[in-house]
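Here the structure is laid out as structure tokens; the discussion comes afterwards.
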Amino acid sequence: MEPYQFSVKDTNLEALRAKKSAIECGYMKDAFVDYFVPEHIQKEILMHRGYWSRFWCFNSITSNFLKNVKGKAQILSLGCGLDTMPYN
């Protein structure tokens, strides 16, 4: 049996599915993830903690930047895939 091979497109969805699983377990809140991944997802606790760490770092950096900017600001996130941060 040949192992499943992910395409680049699949890695984007798989990352979002890991985030959805962490959200469902209460690690963080995101009101928009259900629009991208409507089904129930269950990943391992290590994935939850890893995704929570990533979420916390990016959220902290972005929030601090926006608090310290005088006037309007725009953030460009390269390689973010289907990240829901812009909606939140």
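Summary of values
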{"quantity": "Filtered residue count, segment 37-69, keeping only those that are of a type in the set (K, R) and open to solvent by less than 70 Å² (accessible area, probe 1.4 Å)", "calculated": "1"}
{"quantity": "Residue match in segment 37-51 (condition: touching an Asp or Glu at 6+ places or on another chain (Cβ under 9 Å), under 18 Å from P86 (Cβ atoms) and either at pLDDT 90 or above or outside any loop (DSSP other than H, G, I, E, B) (or both))", "calculated": "no"}
{"quantity": "Index of the failed condition, F58 passing every other in (1) free of Cβ contacts under 8 Å to residues at least 12 places away in the same chain; (2) in a helix (DSSP H, G or I)", "calculated": "(1)"}
{"quantity": "Failed item in (1) over 16 Å from the mean Cα position of the chain (by Cα); (2) assigned to a helix (DSSP H, G or I), with K72 passing the rest", "calculated": "(2)"}
{"quantity": "Pair list, Cβ under 9 Å, 6 or more apart: segment 63-88 residue more than 18 Å from K19 (Cα to Cα), other residue at pLDDT below 85 and part of a helix (DSSP H, G or I)", "calculated": "I75/M85; I75/P86"}
{"quantity": "Filtered residue count, segment 8-36, keeping only those that are open to solvent by 50 Å² or more (accessible area, probe 1.4 Å), within 16 Å of C80 (Cβ to Cβ) and part of a loop (DSSP other than H, G, I, E, B)", "calculated": "1"}
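The values are calculated or read from the model by the stated rules, or taken from the named source; none is laboratory data. All figures in this text were calculated on a predicted structure; none of them were measured in a lab. FYI the Cβ positions are ideal-geometry reconstructions off the backbone, even for glycines, and counts take in every protein chain you see. Just so you know, the surface numbers come from the protein's heavy atoms only, side chains and all, with ligands and any DNA or RNA stripped out. Shrake-Rupley method; radii C 1.70, N 1.55, O 1.52, S 1.80 Å.
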